Structure formats: structure tokens, C-alpha cells
Amino acid sequence: MKIPELKDLIIRSLDKESDPEKTSARIEEAGVIWKFSEGFQDKVLETIFSAGDSVVRKIEFVRNLNSVFYRIAITGVAAIVLLMISIFVIQGSLSFDSFLGLGDSYDESIVYLLTGN
Amino acid sequence: MIRESYRQKSENELVKASLDGDKQAFSEIVSRYQNMVARTVKGMLGDSVFSEDIGQDVFIKLYYSLSDFRGEAKLSTYIQKIAINLTLNEIKRRKRFFSTFSQKGNSEMYEFEVADNETEGKKEAAELVSKALMSLNPKFRVIVAMRMLQGYSTKETAEMLDLPLGTVLSRLSRAQEQMKNILRKL
């Protein structure tokens, strides 16, 4: 099949009215065949039956690590939002001074606090 | 002879035997569905060594979740769902990785090794389809791969992806528009 013909077939395969089975078969005939390499089946069986439970533990570990990461991130964001709300409620603004707890302080009192004069 | 007897077994028989620890039965399942998984994984990730790893993960996950398979749906649907989920996770992982560590698109990672194709024309065809799929938005890519490479109907695709039929239809139509633009440039 020539390339312009294949391009046309790809576009037509996405028509709602097209027959997906027929078009996928034609695309396969054109040479679009993806297979795993030789020995794929043996590799899968070897991994499962030789490694036993360690494989499943590894998969579970990675999956859990991913979900833990998201949970920590979400908790962190929630904590920051709560902190900002409480700062706003206590200090009445979200300025930099409010973050440092200096919202209600006068410059003179800070100088007094730092120097004692 | 033994292998022949497994070939004649039904899906449910093979699942039951695999759960009882029959290695040959699970080997038959891998043999029956590996090409289907290859089409999904390689269609969505490109034809590279990384796809082989995901393909292996699909069958490893299948093996350890066989007890959850109740036989209400076809085994192929169950495997296909695992393949889609793992592939989409990999796409997300790569997207995060490349947006963090590289300014280059991840398409540069794919090699096109279409060793089994007999002629140059066929190789060219496989490369064209692979490049076009890789250029599609992953949200559309999965729908296109299901339809174009696996021959699933819109209804089957919706069931497989747990999406409403209307969503699949609208994504299909948008995917077609995006595909037209991509193919014009290739």
C-alpha cells in the first residue's frame, strides 16, 4: 500500500461509520504489525515462576510509593491552605509581615525587641 | 502434544488451571494474547525496548490478579484493561520525567525497529503509523489505538476505558481532526 493511500485509510478508520475490524485488518496488511521480540513468552514465565513473590512485592512497592507520594503532596497542599487561612483569620491579611507574625507589630517595638533600646 | 491440549482449552479452564499453579496453562494465555498486548502497548508507546518491559508487566500483573477475574467479561477485555492502565501510567511517568529533566520531547526516545516487516514499504508504513500515533494527545491516542489497531467498536472502546459512549465519540472526532493535521506534516 502506498503512503498517501495509507494516510487516507488511517483518517477513514476514525470515521464513526467505518467498520473498525475491516480497517484494522487492512492497516495490518499494509505492514503495521507490532509484535514482541522472540522469547518474550519465556521471559515473562521466567520472571513470574523464578522470582516468585519478589516480583509482586516490587510491583506493589512501586505502586504504593506512587500513591504515598500523591497523598503526601495533597496533605502538604492542604496544610499550606489551612495555614494561610489561619494566618488570614488571625492577622487579617496575607502580607509577608503576617507570615512572619509581625502583622500587628510597630517598627519601634521590633527595634526594641532586637536591641533593647 | 501437551501444548496442543492446552490450545483447545477455554479461557476459563486456562485461568482455573493457572490459579492452581499450572505453568503451561499460563504460558498458553501469554501465547494467545501477547500480540494483542503488543498492539496496544507498542501502538501507544512506540516500538521500543521499553514497550517490551511494559508488555511483561502486563502479564505479570495479570498472573497476580487472576484470582480477581470472575469470568463475567472476556479474558481479553480484562487483559486489555491492564495493558491500557499500565501504558497510560507509563505515558504519565514519562511526561513527568521529561517535563522535569528535559526540554526535548519524549518522542526522541523511540526507536523504530520493525525488523519483522518484509519490505521497505511495510517498514515505512509501520513508521508512519507509529509517528502519527506518538504525535497524538495520549487521551486520543488510546482511543485511536483501540479502534485502528485492535478493531474495537466505539461501544467496546467505551466499555474498555470505562468512559461514556458520547465521550468516546467526541474524542474520536477530535482525534480524527488532530490526525489529519499530523498526517499532513508527515
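Here are the numbers for this structure:
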{"read-out": "Bins of 10 Å from zero: percent of alpha-carbon pairs in segment B:1-77", "value": "18, 48, 28, 6"}
{"read-out": "Principal axis dimensions, chain A - Cα atoms, whole angstrom, descending", "value": "89, 46, 24"}
{"read-out": "Chain pair A, B: total accessible area buried, heavy atoms, 1.4 Å probe, Å²", "value": "4300"}
{"read-out": "Estimated Rh, chain B: Kirkwood, alpha-carbon pairs, angstrom", "value": "17.8"}
{"read-out": "Probe 1.4 Å, accessible area per residue of the protein assembly as shown, Å²", "value": "59"}
{"read-out": "Between helix B:120-135 and chain B: long-axis angle, C-alpha atoms, 0 to 90°, nearest 10", "value": "80"}
{"read-out": "Where N is the number of residues in segment A:72-112, Cα Rg divided by 2.2 N^0.38 Å", "value": "1.43"}
{"read-out": "Segment A:70-78 - phi-based ³J(HN,Hα) in whole Hz, Karplus 6.51/-1.76/1.60, Gly and Pro as x", "value": "5, 5, 5, 4, 5, 4, x, 4, 4"}
{"read-out": "Other protein chain Cβ atoms within 10 Å, averaged over every residue that makes up B:170-177", "value": "2"}
{"read-out": "Kirkwood estimate for the protein assembly as shown, i.e. one over the average of 1/r between Cα atoms, Å", "value": "22.6"}
{"read-out": "Normalised per residue, the volume of the convex hull around the Cα set of segment B:124-178 (Å³)", "value": "67"}
{"read-out": "Separation of alpha-carbon centers, segment A:66-117 and segment B:54-94, rounded to whole Å", "value": "46"}
{"read-out": "Cα-based reach from residue B:185 at 19 Å (exclusive), listing aspartates and glutamates while leaving out same-chain residues under 8 positions away", "value": "A:5, A:8, B:108, B:124, B:127, B:177"}
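The values are calculated or read from the model by the stated rules, or taken from the named source; none is laboratory data. Everything quoted here is computed from the prediction, not taken from an experiment. Glycine also receives a Cβ, built like all others from the backbone with ideal geometry; neighbour counts cover every protein chain displayed. Just so you know, the surface numbers come from the protein's heavy atoms only, side chains and all, with ligands and any DNA or RNA stripped out. Shrake-Rupley method; radii C 1.70, N 1.55, O 1.52, S 1.80 Å.
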